[in-house]
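In what follows, a structure is listed as structure tokens, so that the remarks can point back to it.
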Amino acid sequence: MDKFKAAGIRPVAISVDSPEVSRNLAQQAGYTFTFLSDPNTEAIRRYDLVHAGAGENGHDIARPAEFLIDSSGTVRWINLTENYWIRARPEQVLEVANLLK
Amino acid sequence: MTMRRFNWPLWVGFLLTLVAFITYFAVFVWFPFTRDFPWANLLIFLIAAVLVVMGVRRGFAPDRSHPTRSKVVTSIVAAVSVAVLGFFVFIVFVAARWLPPSKGAPQVGQQAPEFSLTDTTGKQVSLTELRTTPIDGKSPKGVLLIFYRGYW
């Protein structure tokens with residue numbers, strides 16, 4: 001976490017969870033970065049990451065994905081996993097982050 | 001001899017099958033090295049399979065005190081073990097790939113779509129704010145958006 005801060009990168013987690021659920025998750029896991037709530041899949045739809053009906057009671061949720069965006073708003077790196085057990089590792093992201101101005 | 005009657009390889013193999021299944025989700029999924037490919041769990045499954053096969057041979061041996069009961073019990077335990085392994089492979093390798101193609105996702109070099117969402121304190125936060133608000137007094141180099149399935 002401190003490594004991201006040192007690299008000038010702000011991690012932001014986004015899901016359909018309510019702010020309360022996200023707050024509990026962040027507290028329990030000791031995460032200090034920003035958690036955003038997207039219950040109506042507004043941002044998730046704009047990034048084409050809607051996994052229709054995959055949530056509880058057939059709710060739409062986000063498929064796992066990571067995007068590194070530079071300070072001008074340009075996408076610099078993306079990771080769209082094909083298997084949801086496989087996620088980006090922090091080292092991979094930091095490697096790309098160090099190339100940013 | 002009691003050890004001859006109790007088919008320990010069968011039961012230890014069965015228990016190990018359950019251990020192999022549960023430990024992936026309870027333990028190994030927390031470490032990228034054992035999560036991305038579940039080699040630790042497949043190794044435990046392999047040892048379990050060897051024991052179950054030994055157990056099946058024992059269970060079907062002619063010297064059992066209750067040959068029919070032994071065969072029935074052995075068959076059921078072996079079948080459940082195979083089913084647990086099959087279910088594990090299904091969850092980790094098959095169902096986990098049922099993801100949308102996301103062909104319309106922003107590509108490298110494109111402008112990231114703007115959004116504004118609620119944070120855990122109830123405040124509206126936009127992408128522009130995220131990439132311009134200073135981190136420890138310095139302007140940020142970038143924002144890492146992590147979309148996840150959530151706990152609903």
Every listed condition ((1) hydrophobic (A, V, I, L, M, F, W, C); (2) part of a strand (DSSP E or B); (3) more than 14 Å from the chain's Cα centre (by Cα)) holds for A:VAL21 save (2)
Looking at region A:75-84 only, could you name the residues that are within 7 Å of chain B (Cβ to nearest Cβ), modelled with pLDDT of 85 or more and not in a strand (DSSP E or B)? A:LEU80, A:GLU82, A:ASN83
Cβ contacts < 6 Å: first residue more than 7 Å from chain B (Cβ to nearest Cβ) and in contact (Cβ under 8 Å) with a residue 12 or more places away in the chain, restricted to region A:57-74; second residue in a strand (DSSP E or B) and among the aliphatic types (A, V, I, L, M), any location; separation 6+ or different chain. Result? A:ASP60/A:VAL50
Mind checking which residues of region A:21-56 are more than 8 Å from every other protein chain (Cβ to nearest Cβ) and not aromatic (Phe, Trp, Tyr)? A:ASN24, A:GLN27, A:GLN28, A:ALA29, A:GLY30, A:THR32, A:PRO39, A:ASN40, A:THR41, A:ARG45, A:GLY53
Here the qualifying pairs (Cβ atoms under 6 Å; residues six or more apart or on different chains; first in region B:137-150 and farther than 16 Å from A:PHE33 by Cβ; second among the aliphatic types (A, V, I, L, M) and not in a loop (DSSP other than H, G, I, E, B)) come out as B:ARG149/A:ILE61
Selection within region A:52-74 - in a loop (DSSP other than H, G, I, E, B) and polar (S, T, N, Q): A:SER71, A:SER72
Looking only at helices (runs of 4 or more DSSP H) that lie completely in region B:28-126, which have at least 3 residues being buried (at least 17 other Cβ atoms within 10 Å of the Cβ) and touching a helix residue (DSSP H, G or I) at 6+ places or on another chain (Cβ under 8 Å)? B:39-59, B:67-89
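The values are calculated or read from the model by the stated rules, or taken from the named source; none is laboratory data. The shown structure was predicted, so the numbers you read here are calculated from the model rather than taken from an experiment. All Cβ positions, glycine included, derive from the backbone under ideal geometry; neighbour counts span all protein chains shown.
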